[in-house]
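Quick notes on the structure that follows.
The values are calculated or read from the model by the stated rules, or taken from the named source; none is laboratory data. Nothing here was measured: the structure is a model prediction, and the numbers come from that model. Virtual Cβ from ideal backbone geometry, glycine too; neighbours counted across all protein chains shown. Surface areas here come from the heavy atoms of the whole protein model, side chains and all, with no ligands, DNA or RNA. Shrake-Rupley method; radii C 1.70, N 1.55, O 1.52, S 1.80 Å.
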Amino acid sequence: QVQLVESGGGLVQAGGSLRLSCAASGRTFRTYVMGWFRQTPGKEREFVAAITQGGSSTTYTDSVKGRFTISRDNAKNTMSLQMKTLKPGDTAVYYCAAGSMFSMTSAHYDYWGQGTQVTVSS
């Protein structure tokens, strides 16, 4: 089992950058695929990015490719999402998640953080 805590959200102007972090408890962090999802009121949770256990493979939703970068540090039990050239459409609550499958589907992730708000003003 792993517990996840996100940080780094906030208010930023369009075109700006933010770096989200996800801190994980436990000694099994390196065994999990990690992902970022986001959600806005009234909409389903949307996949953003995922990274494999060792960090060798990543995948992104099309709308963030070239702007967001997912990474992880297994020695520190942390995962990050570097977000650049932010747009108002990126405004959402961002969640980190851990699972056993390299997937874009939220149902394939077993553990979730509490979320951190990202607001991009125009």
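Quick one: check the C-alpha center-to-center distance for region 26-52 versus region 70-122, whole angstrom.
5
More than 12 angstrom separation, counting every C-alpha pair in region 45-104; what % is that?
69
Please compute the modelled spin-label separation between Thr69 and Thr119, points set 7 Å along Cα→Cβ, answer in nm with one decimal.
For Thr119 paired with Thr69, the spin-label model returns 2.8 nm.
When the accessible area of region 1-119 is computed with all protein chains present and a 1.4 Å probe, what percentage of it is carbon and sulfur?
Here carbon and sulfur together make up 48 percent of the probe-accessible area.
Given a Förster radius of 25 Å and the C-beta distance between Glu44 and Tyr111 as r, what FRET efficiency does 1/(1 + (r/R0)^6) yield to the nearest 0.05?
0.85
Using Cα springs under 10 Å in a Gaussian network model of the chain, which residue among Ala75, Ala24, Ala92 shows the largest mean-square fluctuation?
Among Ala75, Ala24, Ala92, the largest mean-square fluctuation in the Gaussian network model of the chain belongs to Ala75.
Just tell me which lysines come within less than 22 Å, Cα to Cα, of Lys84; anything on the same chain fewer than 8 places away is out.
Lys65
In square angstrom, what is the accessible area per residue of the chain with a 1.4 angstrom probe?
Value returned for the chain: 51 Å² of accessible area per residue.
Among Ser21, Ser100, Ser71, determine the one that fluctuates most according to a GNM of the chain built with springs between C-alpha atoms less than 10 Å apart.
Ser100
Nearest 5 is fine: what % of DSSP beta bridges in region 4-122 come out antiparallel, could you say?
90
Counting C-alpha atoms alone, how compact is the chain: give Rg to one decimal and Dmax as a whole number, in angstrom.
When restricted to the Cα atoms of the chain, Rg and Dmax are 13.2, 41 Å.
Straight-line reach from Lys87: which aspartates and glutamates have a Cα under 17 Å away, not including same-chain ones fewer than 8 places off?
Answer for Lys87, where 17 Å is the Cα cut-off: Glu46, Asp62, listed by chain and number.
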